[in-house]
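Here is the structure we will look at.
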Amino acid sequence: MSQVPSDLRYTKDHEWARDNGDGTISVGITDHAQEALGDLVFVEVPEPGQLVAAGEACAVVESVKAASDIFSPLAGTVAAVNSSLADAPERINEDPYDQGWIFSLTPADPAAFASLLDADAYARFLEDE
């Protein structure tokens, strides 16, 4: 079964979100998503400063199987991107919750973070999927 760290929040599109404690939220894809995609070969990250809406496609990951949009879990402004993924997209496969983060954002409404799925709700969603 996929790892579902309890300190993160999740979306039904299989993104995770981490409150960094500094007003930013890091975003990546879940262990479940990277397993389903297979070996990643390319990652397109959003532009720092880009405004994103909740649920908006703002990044892309490509594997040997398929390309998949990455959706922003919250509305906000892209604060930083993981530029190391350009040369090493496999970091998402190897460590999706740490070295495989894709971007961070400054949320327009920080309270919206609490509306994302907690680990238990995401695990139940995976069981039902």
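So is residue 35 in a strand (DSSP E or B) and either more than 19 Å from residue 80 (Cα to Cα) or at pLDDT below 95 (or both) or not? Before the answer, list the steps.
Numbers: in a strand (DSSP E or B): no; either more than 19 Å from residue 80 (Cα to Cα) or at pLDDT below 95 (or both): yes.
Here the answer is no, as residue 35 does not meet what is asked.
Can you report the number of residues in the range 55-73 which are out of contact with any Ser or Thr (no Cβ under 6 Å at 6 or more places or on another chain), under 26 Å from residue 118 (Cα atoms) and not charged (D, E, K, R)? First the steps, then the outcome.
Here is the first cut: in the range 55-73, the residues out of contact with any Ser or Thr (no Cβ under 6 Å at 6 or more places or on another chain) are 55, 57, 59-60, 62-72.
This time we only want the ones that are under 26 Å from residue 118 (Cα atoms), so: 55, 57, 59-60, 68-72.
Adding the requirement that they be not charged (D, E, K, R) leaves 55, 57, 59-60, 68, 70-72.
Here the count works out to 8.
Return yes when residue 41 is more than 24 Å from residue 118 (Cα to Cα) and either part of a loop (DSSP other than H, G, I, E, B) or touching an Asp or Glu at 6+ places or on another chain (Cβ under 6 Å) (or both) and no when it is not.
Values: more than 24 Å from residue 118 (Cα to Cα): yes; either part of a loop (DSSP other than H, G, I, E, B) or touching an Asp or Glu at 6+ places or on another chain (Cβ under 6 Å) (or both): yes.
Answer is yes for this residue.
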Conditions: (1) buried (at least 17 other Cβ atoms within 10 Å of the Cβ); (2) aliphatic (A, V, I, L, M); (3) out of contact with any Phe, Trp or Tyr (no Cβ under 7 Å at 6 or more places or on another chain); (4) within 23 Å of residue 119 (Cβ to Cβ). Residue 36 meets all but one. Number of the miss? (1)
Restricting the search to the range 57-97, which residues are among the charged types (D, E, K, R) and either within 11 Å of the chain's Cα centre (by Cα) or part of a helix (DSSP H, G or I) (or both)? 69, 91, 94
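The values are calculated or read from the model by the stated rules, or taken from the named source; none is laboratory data. Since we're looking at a predicted model, the values are computed, not measured. Note that we place each Cβ from the backbone using ideal geometry, even for glycine, and neighbour counts take in every protein chain shown.
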